[in-house]
Amino acid sequence: MEETEAACHELLFRLAGRLSDVQLWRFRDWLSVGSFVMLARVLPRALLHDRVALTEREHALLEHALLPHGADQGLVSSVVGVDELPDTDYTFSSESPDRVSMGDSASVVLGAALRGRPEVGEVRVCWRFGRTRDASARRVVLVNAYSGIARLTGELQGMLRALGEHEPCAEVIPPGIELPPYHRAALAASELVCVGAANTEGHPVPG
């Protein structure tokens with residue numbers, strides 16, 4: 001089950017910026033509570049409906065994560081393939097669009113919740129600007145984590161929703177992953193909020 005969860009998390013992680021925010025947070029929320037059957041029923045249809053193409057690795061993740069839980073083989077096989085992912089057409093900035101803000105309550109909450117956590121490395125934040133001029137800016141939280149990744153994603157989403165972000169963008173980065181273009185661009189523009197207790201190998205930093 002842990003391997004299945006890890007495969008599903010990586011797939012959903014890689015779909016950031018390609019599926020809508022509302023779909024993605026719901027799928028990740030289902031994963032955080034182990035709703036594989038619901039994901040198996042809905043995710044392949046969403047990929048086909050939105051014409052999301054998958055790389056060879058992403059196809060393998062989809063099959064590994066969801067076929068054992070009842071995903072339709074025909075739907076899974078019908079998802080279009082792509083050789084490599086193009087650069088993201090979102091832009092990212094470290095600067096909040098709210099010029100009059102006197103503080104960032106989300107960063108305070110994230111720092112209080114994640115600073116010193118044994119499974120967490122760096123916690124970073126940036127702002128994503130949409131594909132169109134009138135698209136609203138969205139906060140993107142990026143967290144390096146080394147265990148309990150799906151659960152932590154659900155926890156972060158819950159924090160952000162409690163702060164008023166109805167479609168939270170919480171990107172929990174698994175160890176050893178080659179980052180997609182979306183996450184590379186987001187990390188390049190991000191600022192550090194806090195650090196947990198894990199080093200770059202996922203082990204606690206000696207006190």
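The values are calculated or read from the model by the stated rules, or taken from the named source; none is laboratory data. Because the structure is predicted, anything quoted here is derived from the model rather than measured. So basically every Cβ, Gly included, is an ideal-geometry build from the backbone, and we count neighbours across all protein chains shown.
Looking at (1) in contact (Cβ under 8 Å) with a residue 12 or more places away in the chain; (2) not assigned by TED's automatic domain parsing to the domain that holds residue 185, which is the one condition that is false for residue 95?
With respect to (1) in contact (Cβ under 8 Å) with a residue 12 or more places away in the chain; (2) not assigned by TED's automatic domain parsing to the domain that holds residue 185, residue 95 is out only on (2).
Say whether the condition of being in contact with a helix residue (DSSP H, G or I) (Cβ under 6 Å, 6 or more places away or on another chain) and surrounded by 15 or more Cβ atoms within 10 Å (Cβ to Cβ) is met by at least one residue in region 127-135.
no
So which residues in region 114-146 are of a type in the set (S, T, N, Q) and at pLDDT 95 or above?
Result: 144, single match.
For region 2-32, name all the residues that are over 26 Å from residue 84 (Cβ atoms) and free of Cβ contacts under 8 Å to residues at least 24 places away in the same chain.
Scanning region 2-32 gives 2, 26, 30.
Within region 1-85, considering only helices (runs of 4 or more DSSP H) that don't extend past its boundaries, which have at least 2 residues that are crowded, with 19+ Cβ neighbours inside 10 Å?
Helices (runs of 4 or more DSSP H) meeting the threshold: 2-14, 21-32, 36-49, 56-66.
Taking region 138-188 on its own, how many of its residues are in contact with a Ser or Thr (Cβ under 8 Å, 6 or more places away or on another chain), surrounded by fewer than 19 Cβ atoms within 10 Å (Cβ to Cβ) and of a type in the set (A, V, I, L, M)?
Residues in region 138-188 being in contact with a Ser or Thr (Cβ under 8 Å, 6 or more places away or on another chain), surrounded by fewer than 19 Cβ atoms within 10 Å (Cβ to Cβ) and of a type in the set (A, V, I, L, M): 1 in total.
Yes/no per residue for (1) touching a helix residue (DSSP H, G or I) at 6+ places or on another chain (Cβ under 6 Å); (2) closer than 23 Å to residue 181 by Cα; (3) not assigned by TED's automatic domain parsing to the domain that holds residue 7:
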{"position": "45", "(1), (2), (3)": "no, no, no"}
{"position": "51", "(1), (2), (3)": "no, yes, no"}
{"position": "54", "(1), (2), (3)": "no, yes, no"}
{"position": "57", "(1), (2), (3)": "no, yes, no"}
{"position": "61", "(1), (2), (3)": "yes, yes, no"}
{"position": "67", "(1), (2), (3)": "no, no, no"}
{"position": "72", "(1), (2), (3)": "no, no, no"}
{"position": "85", "(1), (2), (3)": "yes, yes, yes"}
